[in-house]
Amino acid sequence: MLRQLLVADFLKIKRKGFWLLTFLGPLGVVALQMVNYGLRKDYLLQQSDNDWEYYLSNVHSFTPLALILGIAIFTSIIANIENETNAWKQLVSLPVSKMSVYLSKFTALASLLLVSSILLMVFTLLFGVFLDLGEEIPYVELFQYSFYPYFAALPILSLQLWIAIVSKNQGIPITTGVLGVVFAYSAYYLPDWMIWKWPSLMNAWGEPVVNALLGVGLGCVLYLVGMFDFVRRDVK
Amino acid sequence: MEYVIKTEGLTKKFGKETAVDRLDMKIRKGEIYGFLGPNGAGKSTTIRMLLGLMKPDSGMVRVFNKDLKKERIHILKRVGSLVENPSYYPHLTAYENLEALRKILRVSEARIHEVLEIVRLSDVAHKKVKGFSLGMKQRLGIAVSMLHQPELLILDEPTNGLDPSGIIEIRNLIQRLPEEYGMTILISSHLLSEIDQIATTVGVISKGKMIFQDSIHAMRKHSRQTIILKVNDGKRAEHILQGKGIYANYQDSMLLLSKLSDQKVAEIVRMLVQNGLAIYRVEEKQSSLEDIFLQMTREEA
């Protein structure tokens, strides 16, 4: 049942710019470093002994922002597709469970964001090689910087999707989305428990993997809360 | 008797207000069931509960003799619906709209062409629904509801907002379905005139309560006939008749008499003529279904 719903959901997001955003997000993050390194490469190379590591952390400084902004936009559009003509009543009166309807929306967005993360890794690697930062490519760190923010951002995806789907007034998810981006921008000053800080991979222990694991854990919890709330509600 | 839809004591409350109050609905196979009531009487809420979109506060719904609460998905495989304003994805074409639902319903691609043909939208199949007229969107909604060849079709106000020709078109389409496809149809409306020509059974709801449920013929029997006499001096005529013990009511220069036998009418006319009154007109008036409907819903209110 989930597979059919997913196929339908991917058909519904046609012409809404989802794939373009999926591509543009990671490209933009790397493009900022193209400008950065294009303008002052010599200066930047002087800043550290490990050019690759330094380059990766530069790329990563914009990843959380792009990710959280992307989540806000994606969740808002995908909910709006059903909200626009209250297509929920049509969708839910099909022989499908409400749980799988919700799971399908989440899976579609999680997949798109995962594709974005893969593209981020590819773009980062390509430009890194182009910059000629050294023979020793740190694949482990490259993987971490590309995917840990994704896992760490899952609670934000669960929360934003829930808010966007159950809100009659789309001003609410847009407000929380904008707040999220502001939080992401000031991640350095936020306490560790704020989920908007997690994609920055900063924490008191200096272990990025903690954020990724916490993200998956809390992401699942918030997903379940959102799904059961959706199932419980009457469709107007 | 086997019912396609059977509800018992169906109740739904929104806060303190009771939208649907202990409603018992019975629909037999092959019927076109007209579900009537003024706006806000609880029609849409009832229909939403029949489809499992809303959970009743109490009472139960059985569709195809199965409990909706327990076998919702199984039941909905055999039910098509159009609830209130049509839902569609405006950025997709008519074909893509149906395709998105076809994937979920797992029917053949050929069926899309079939239903588009039935509602006569084949020509605009590859145009975006955004640019459709309301009538076309409504027809697309009906196409969607028939996509998986349901045995039960639930249409909530399918002619709402349509022009007269659109209403006739949809009415003709609906009328064909039970015979051609063996469907049972539940169709709601706030206007009796929209469905009195096609419905076989009617249920009238007012303030959440079912106040009448029977065949359309039974409803017609409720209609009362009146004899109307137009004479030159109504006051005097009324007086003469009352002297003979015949109850007449004089209003708006008309003399109204309740249903009488032909002989009695002849007698009255003769009597009035003999008393020197001029009779201009003798008419029989049958109150229309619309009148009965209005009377029913007014009495409840």
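Given the whole protein assembly as supplied and a 1.4 Å probe, what does the accessible area of B:ILE198 come to in Å², nearest 10?
Probe radius 1.4 Å; accessible area of B:ILE198 about 10 Å².
Quick check for me: using +1 on Lys/Arg Cβ and -1 on Asp/Glu Cβ, what's the dipole size of the protein assembly as shown about its Cα centre, in debye to the nearest 20?
So the dipole magnitude of the protein assembly as shown works out to roughly 2020 debye.
Below 15 angstrom from the Cβ of A:TRP19, what's the summed charge of the other residues (Lys, Arg +1; Asp, Glu -1)?
+3
Would you mind classifying chain B by shape? Square roots of the alpha carbon gyration tensor eigenvalues, ordered a ≥ b ≥ c; an a/c under 1.5 is rounded, otherwise it is prolate if a/b is larger than b/c and oblate if not.
prolate
Per the Debye formula with a single identical scatterer at each Cα and no solvent contribution, what log10 I(q)/I(0) holds for region A:2-232 at q = 0.13 Å⁻¹?
Debye intensities relative to I(0), on a log10 scale: -0.78.
Within the protein assembly as shown, what percent of beta bridges assigned by DSSP are antiparallel, to the nearest 5?
Taking every DSSP beta bridge with both residues in the protein assembly as shown, the antiparallel ones total about 65 percent.
Mind putting a number on the dipole of region A:2-232 about its Cα centre? Charges go on the C-beta only, +1 for Lys and Arg and -1 for Asp and Glu, and I need it in Debye to the nearest 20.
Charge dipole, region A:2-232, about its Cα centre: 1400 debye, nearest 20.
Among B:GLY52, B:VAL115, B:LEU177, which residue has its Cα positioned farthest towards the positive end of the charge dipole of chain B, with +1 placed on the Cβ of Lys and Arg, -1 on the Cβ of Asp and Glu, and the dipole taken about the Cα centre?
It is B:GLY52.
Round to the nearest 10 and report in Å² the accessible area of B:ARG102, as given by a 1.4 Å probe over the protein chains' heavy atoms.
Probe radius 1.4 Å; accessible area of B:ARG102 about 30 Å².
Name the residue from B:ALA237, B:GLN295, B:PHE212 whose Cα lies farthest towards the positive end of the charge dipole of chain B, charges +1 on Cβ of Lys and Arg and -1 on Cβ of Asp and Glu.
With unit charges placed on the Cβ atoms, the residue in question is B:PHE212.
Give me the accessible area buried between chains B and A, both sides summed, with a 1.4 Å probe, in Å² rounded to the nearest 100.
The buried area between B and A, both sides summed, comes to about 2900 Å².
Please give me, ordered by residue number, the chymotrypsin sites (Phe, Trp or Tyr not before Pro) of region B:227-301 that lie in loop per DSSP and have at most 14 other Cβ atoms within 10 Å.
Taking region B:227-301 and a limit of 14 other Cβ atoms within 10 Å, the loop chymotrypsin sites (Phe, Trp or Tyr not before Pro) found are B:TYR247.
Using a Förster distance of 45 Å, how high is the FRET efficiency between A:LEU20 and B:HIS190, based on the Cβ-Cβ distance and rounded to 0.05?
So, using R0 = 45 Å, E works out to roughly 0.50.
Considering only protein heavy atoms and a 1.4 Å probe, what is the carbon-and-sulfur percentage of the accessible area of region B:62-146?
That fraction is 47 percent.
Enter the accessible area per residue of region A:94-186 (Å², integer; probe 1.4 Å; all protein chains in place).
About 42 Å² of surface per residue is accessible.
Under DSSP H, which helices of chain A have Cα atoms covering 30 Å or more of the helix axis and a Kyte-Doolittle average no less than -0.5?
Qualifying helices, which must be both long enough and hydrophobic enough, are A:18-46, A:98-131, A:208-232.
With +1 on each Lys and Arg Cβ and -1 on each Asp and Glu Cβ, and nothing else charged, work out how big the dipole of chain B is about its Cα centre, in Debye to the nearest 20.
700
Cut-off 10 angstrom, C-alpha nodes, Gaussian network model of chain B. Which of B:LEU92, B:LEU186, B:LEU51 fluctuates the most?
B:LEU92
Excluding same-chain pairs closer than 8 in sequence, count the lysine pairs in region A:2-232 whose Cα atoms lie under 26 Å apart.
Taking the Cα cut-off of 26 Å, the pair count is 18.
Taking N as the number of residues in region A:35-165, what is its alpha-carbon radius of gyration divided by 2.2 N^0.38 Å?
Compared with the compact-globule rule of thumb, region A:35-165 sits at 1.38.
In region A:102-191, what GluC sites (Glu not before Pro) fall in a loop by DSSP, with at most 14 other Cβ atoms inside 10 Å?
A:GLU135, A:GLU136
Using the Cα centre of region A:12-61 as origin and beta-carbon charges of +1 (Lys, Arg) and -1 (Asp, Glu), tell me which of A:PHE18, A:SER61, A:GLY28 is placed farthest towards the positive end of the dipole.
The residue sitting farthest along the positive end of the dipole is A:PHE18.
What are the lysines whose alpha-carbon lies under 17 Å from the alpha-carbon of B:LYS235, with same-chain residues fewer than 8 places away excluded?
B:LYS235 reaches B:LYS244.
Over region B:80-181, with the other protein chains present, what is the accessible area per residue in square angstrom, probe 1.4 angstrom?
Dividing the accessible area of region B:80-181 by its residue count gives 40 Å².
Quick one: net charge of B:THR201's neighbours, Cβ under 11 Å, K/R +1, D/E -1?
0
Please enumerate, by chain and number, the aspartates and glutamates with C-alpha under 18 Å from the C-alpha of B:LYS16, excluding those fewer than 8 residues away in the same chain.
Cα-Cα hits under 18 Å: A:ASP234, B:ASP57.
Taking a 1.4 Å probe, which of B:THR297, B:THR18 shows the most accessible area, and what order do the others take after it?
Result of the area sort, largest leading: B:THR18, B:THR297.
Using only the Cα atoms of region A:1-87, what do you get for the radius of gyration and for Dmax, in Å?
Just the Cα atoms of region A:1-87 yield Rg and Dmax of 18.6, 57 Å.
Starting from 0 in steps of 10 Å, tell me what percent of the Cα-Cα pairs of the protein assembly as shown lands in each bin.
Over the protein assembly as shown, the share of Cα pairs per 10 Å bin runs 3, 15, 20, 17, 14, 11, 8, 5, 3, 2, 1, 1, 0 percent.
Taking all protein chains as present, what is the carbon and sulfur share of the accessible area of region A:2-232, in % to the nearest whole number, probe 1.4 Å?
70
Rank these by accessible area, largest first, 1.4 Å probe: B:HIS190, B:HIS113.
Per-residue accessible area, sorted high to low, gives B:HIS113, B:HIS190.
Name the residue, out of A:VAL59, A:VAL178, A:VAL92, whose mean-square fluctuation peaks in a Gaussian network model built on chain A with Cα pairs under 10 Å.
A:VAL92
Find out how many positive minus negative residues lie around B:THR46, taking Lys and Arg as positive, Asp and Glu as negative, among other residues whose Cβ is under 10 Å from that of B:THR46.
Once positives and negatives cancel, what remains is +2.
The values are calculated or read from the model by the stated rules, or taken from the named source; none is laboratory data. No experiment lies behind these values; they were computed from the predicted model shown. Glycine also receives a Cβ, built like all others from the backbone with ideal geometry; neighbour counts cover every protein chain displayed. To get the accessible areas, we keep the full protein, side chains included, count just its heavy atoms, and leave off ligands, DNA and RNA. Shrake-Rupley method; radii C 1.70, N 1.55, O 1.52, S 1.80 Å.
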